[in-house]
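*Asks:* Dumping the structure here so I can ask a few things about it.
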Ligand SMILES: Cc1cc2nc3c(=O)[nH]c(=O)nc-3n(C[C@H](O)[C@H](O)[C@H](O)COP(=O)(O)OP(=O)(O)OC[C@H]3O[C@@H](n4cnc5c(N)ncnc54)[C@H](O)[C@@H]3O)c2cc1C
């Protein structure tokens, strides 16, 4: 990572992640994200939401800015952003378009998990050599062709929660794998060039095992691959998260995104890999807060300049919003600074707390923002009602739904590894 700047004054705005010490690379990326978001993504956000259509124009801008290769290591032609840098930039994008930030996360994870995160996962020398050779192909596609990767894991079973093996299977055949199964909620469906799926290696017996999880990329042009289903949800409508089916889809060995068995180890080694869904929602919460302040001051463009700030109830509500937002940002900033392979128990519990606070807090903030601004603020030509709907989705996302975080936190606080009651 580059040397830190002495302070954040190089930025002429306060990023969604908060005011802190940034490296020169972080300053540069945050500035670009803020400019793209304000000038391009925010004005377009209502269109994707209304149509439930994918933000292709935003992806052209992300590609032109080099943001599709943000986490590809510099040695492979990428921008070389580390985990914390990605998390800061993603929050800034989420501030202007939730659907763009959330789908961009799916793409980025395909490069970050195989890149900087994989570097911290234990592998044998053979596995490491295999991985370094294979990931080159994927990095090249992103860097040279501007390819987009999706990340469809969910199947509507206990697998995405990490409680059962994936029902989608891959059987080893000559030169590659034969994939069968289905996925639901595949963000970027129809927009991605490659679908990075999790599936279980079919070893020909009746004992599927989560340790045999494979992480494979399926090219969108593969024979036997199809997309189906309606997409008309409450929020995050621009993610276009439809169903995928794989019927005897052949993918070559080169499409393996991680060596056999490594994804399972990675999920245990690097819990912060699941926290990457959170910055989108920190961005949404920041947007709801920003809007409320502007609205109460009578400064929203295109609206009558009616001030509502003089009422003590509004002032108190704004203070409450700020207190909750500051709490979320502090936990978020600490969690991204601490993220590493094999975190301590204390760090892991804090990571869960950060995730829960952001995912539940974003919707709390949007709810209070609407109540405080009042009826005119929830009209469709203003962003607040979309922020309210989009922010509802964070706590539903597996494997760390708000419910499952509470479940994990409670259990892992009260039980040490391997401890049981008689
Ligand atoms: C906008 C949006 C975009 C998405 N994009 C993607 C994507 O790109 N890729 C992807 O893989 N997924 C994606 N998802 C799916 C998401 O991660 C979840 O898989 C999905 O929301 C789960 O919905 P479900 O109704 O199938 O949940 P269910 O599995 O029916 O679970 C319902 C609730 O029960 C709880 N629960 C689930 N399993 C257990 C368990 N074993 N023990 C105790 N409690 C449990 C959880 O709190 C969960 O919220 C997306 C979801 C949304 C809303």
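The values are calculated or read from the model by the stated rules, or taken from the named source; none is laboratory data. Note that the coordinates shown come from a computational prediction; the quantities given were computed from them, not determined experimentally. For neighbour counting, all protein chains shown are included, and Cβ atoms are generated from backbone atoms with ideal geometry for every residue, glycine included.
*Asks:* Name the residue, out of 406, 325, 331, that is within 16 Å of the ligand (Cβ to nearest atom) and farther than 20 Å from residue 99 by Cα. Give the steps one after another, and end with the answer.
*Replies:* Numbers: 325 fails: within 16 Å of the ligand (Cβ to nearest atom); 331 fails: within 16 Å of the ligand (Cβ to nearest atom).
Result of the check over 406, 325, 331: 406.
*Asks:* Next question, about the same structure. Hey, can you tell me all the residues within region 227-258 that are assigned to a loop (DSSP other than H, G, I, E, B) and either in the same structural domain as residue 130 (by TED's automatic domain parsing) or touching a strand residue (DSSP E or B) at 6+ places or on another chain (Cβ under 6 Å) (or both)?
*Replies:* Correct list: 229, 231, 241, 257, 258.
*Asks:* Okay, next question. For the list (1) modelled with pLDDT of 95 or more; (2) buried (at least 18 other Cβ atoms within 10 Å of the Cβ); (3) away from the ligand (no atom under 13 Å from the Cβ); (4) not in a strand (DSSP E or B), I need the number of the one condition that residue 116 fails.
*Replies:* Of everything listed in (1) modelled with pLDDT of 95 or more; (2) buried (at least 18 other Cβ atoms within 10 Å of the Cβ); (3) away from the ligand (no atom under 13 Å from the Cβ); (4) not in a strand (DSSP E or B), residue 116 misses just condition (1).
*Asks:* Moving on to the next point. Please pick out the residue among 284, 214, 188 that is touching a helix residue (DSSP H, G or I) at 6+ places or on another chain (Cβ under 8 Å) and part of a loop (DSSP other than H, G, I, E, B).
*Replies:* Just a single option satisfies the conditions, and that option is 188.
*Asks:* While we're here: May I ask you to list the residues in region 132-161 that are over 23 Å from residue 67 (Cα atoms), in contact (Cβ under 8 Å) with a residue 60 or more places away in the chain and either more than 16 Å from the ligand (Cβ to nearest atom) or surrounded by fewer than 18 Cβ atoms within 10 Å (Cβ to Cβ) (or both)?
*Replies:* 161, the sole residue that qualifies.
Conditions tested, residue by residue: (1) at pLDDT below 95; (2) surrounded by fewer than 22 Cβ atoms within 10 Å (Cβ to Cβ); (3) within 18 Å of residue 290 (Cα to Cα).
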site: 28; (1), (2), (3): no, yes, no
site: 59; (1), (2), (3): no, yes, no
site: 67; (1), (2), (3): no, no, no
site: 70; (1), (2), (3): no, no, no
site: 79; (1), (2), (3): no, yes, no
site: 91; (1), (2), (3): no, no, yes
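*Asks:* Going residue by residue through region 248-270, is there one that turns out to be within 16 Å of residue 182 (Cα to Cα) and either touching a helix residue (DSSP H, G or I) at 6+ places or on another chain (Cβ under 6 Å) or within 16 Å of the ligand (Cβ to nearest atom) (or both)?
*Replies:* No - not one qualifying residue is present in region 248-270.
*Asks:* OK, next. Taking the conditions exactly as written (in contact (Cβ under 8 Å) with a residue 24 or more places away in the chain, within 21 Å of residue 221 (Cβ to Cβ) and either within 16 Å of the ligand (Cβ to nearest atom) or in the same structural domain as residue 213 (by TED's automatic domain parsing) (or both)), does residue 107 satisfy them or not?
*Replies:* yes
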